[in-house]
Amino acid sequence: MVIIMKPGASGAEIAGVIARIEAHQLTPHPIYGEERTVIAVVGNDRPVDRTTFETLAGVDFIQAILKPYKLASREFRKDDSAVTLIERNGKAVTVGGNGHVTLIAGPCACESREQVLETALMVKEAGAQGFRGGAFKPRTSPYSFQGHGEKALQWMAEAREVTGLAIVTEVMSPEQVPMVAEYANVMQIGARNMQNFALLNAVGMSMKPVLLKRGMSATMEELLMAAEYILSHGNYNVMLCERGIRTFEQYTRNTTDINAIPALKALSHLPVVLDPSHATGKSEYVIAIARAGIAAGADGLIVEVHPEPSKAMSDGAQTLTPKAFESMVRQCKRIAAAMDKEI
Ligand code: PEP
Ligand code: MN
């Protein structure tokens, strides 16, 4: 960080700041200007609370130089990271880092064994590499369908046996992590849980791949800090997921922050996945936003698909039919080709 002193700060005030910097085992480099003094702080200042300097006499403001996240940052790793979802016929199915766009599709919620198997076969046929389905559903109302729990996890494990698709499913609490990790290939942290630090620590310690969804009111920096929690346990299998943020717009469920795709890829080496279903909330816009996401550089898409969206127990309005998903894949292949990527 750099500490900018107020114009006319006294020698004693400057000396006070220098002493405080040294007390934190950091090295002060004061630059005495004509109008004001600026003190560069050299060393790892991440663990130091900047208010310890902000409140000192004579200090005007502090400028951070280091990003608050380290392991998630592009500076830490120059090359794109790839996360392996599953090994199939001796080949890794990955997201990120390989000139490839990976598709994950399935219903918002697992409703029955038949629905899970039928949807998995259909999305596999259309070209998906992963199957999504909710076993534990974070619902706004406690009276809404909450998911079939472990039974749903078993249906998805069976769907993986049949199709070879990687299973992506949400885990809502640290206590659920061992059970979900046993059945799933990828644990999803939902938007509402992005800053559930106990949960982030638990999935971090599990070493399983994690799809971390951006909170609907979270900044990109907060998303990257949440990723940092998982990475700090040595679990580097993290994918960032843009799923739309809350804005003043009411017509669509959320607003796709398309900016976040190139920005997150510039700030971080982690793969970026777009969820056009939750980002729009309306099935009629999902394909357009899926195309836009690939054009913006997304490494993957996670999309809601149901054999009969009008009968879905949750999120039917934003859910594609298998036929619409097929059309989405066809269109996305052409956009991916323009990006020198394959689907
Ligand atoms: C979901 O994927 O079904 C879901 C609940 O997503 P989000 O956490 O992004 O709302
Ligand atoms: Mn959903």
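Okay, here's what the table says:
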{"quantity": "Residue order, fewest to most beta carbons within 10 Å, for VAL2, VAL203", "calculated": "VAL2, VAL203"}
{"quantity": "Neighbourhood net charge (14 Å Cβ-Cβ; Lys/Arg +1, Asp/Glu -1) for ALA337", "calculated": "+3"}
{"quantity": "Cα-based helix-to-principal-axis angle, 322-338 vs the chain, degrees rounded to 10", "calculated": "50"}
{"quantity": "Cα centroid separation - segment 76-145 against segment 285-310, whole Å", "calculated": "12"}
{"quantity": "Rounded if a/c under 1.5, otherwise prolate or oblate - segment 2-63, Cα gyration tensor axes", "calculated": "prolate"}
{"quantity": "GNM top mover of LEU212, LEU270, LEU66 - the chain, alpha-carbon springs below 10 Å", "calculated": "LEU66"}
{"quantity": "Degrees between helix 220-231 axis and first principal axis of the chain (Cα, 0 to 90, nearest 10)", "calculated": "80"}
{"quantity": "Computed magnitude of the charge dipole of segment 132-280 (debye, nearest 20; Cβ of K, R +1, Cβ of D, E -1)", "calculated": "260"}
{"quantity": "Cα centre as origin, Lys/Arg/Asp/Glu Cβ charges: the chain dipole, Debye", "calculated": "480"}
{"quantity": "Separation in nanometres of the label points that stand 7 Å from Cα toward Cβ, at GLU87 and ALA19", "calculated": "6.1"}
{"quantity": "Highest-MSF residue in the chain out of GLY11, GLY147, GLY127 [GNM, Cα springs under 10 Å]", "calculated": "GLY11"}
{"quantity": "Pair ARG46, GLN195: separation of 7 Å Cα→Cβ label points (nm)", "calculated": "2.0"}
{"quantity": "Selection from VAL101, ASN185, PRO271 lying farthest towards where the dipole of segment 83-338 points positive, charges on Cβ", "calculated": "VAL101"}
{"quantity": "Using alpha-carbon coordinates, inclination of helix 197-206 to the longest axis of the chain, degrees", "calculated": "70"}
{"quantity": "Share of Cα-Cα pairs in segment 83-338 lying beyond 24 Å, as whole percent", "calculated": "40"}
{"quantity": "Length-normalised contact order of segment 2-63 in % [C-alpha pairs under 8 Å, at least 6 apart]", "calculated": "49"}
{"quantity": "Rounded FRET efficiency, nearest 0.05, which uses the C-beta distance separating HIS233 from ARG113 and R0 of 45 Å", "calculated": "0.85"}
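Only the coordinates and a few stated rules stand behind these numbers; no lab work does. Note that this is a predicted model, so its numbers are computed, not measured. Please note: Cβ atoms are built from the backbone with ideal geometry, for glycine as well, and neighbour counts cover all protein chains shown.
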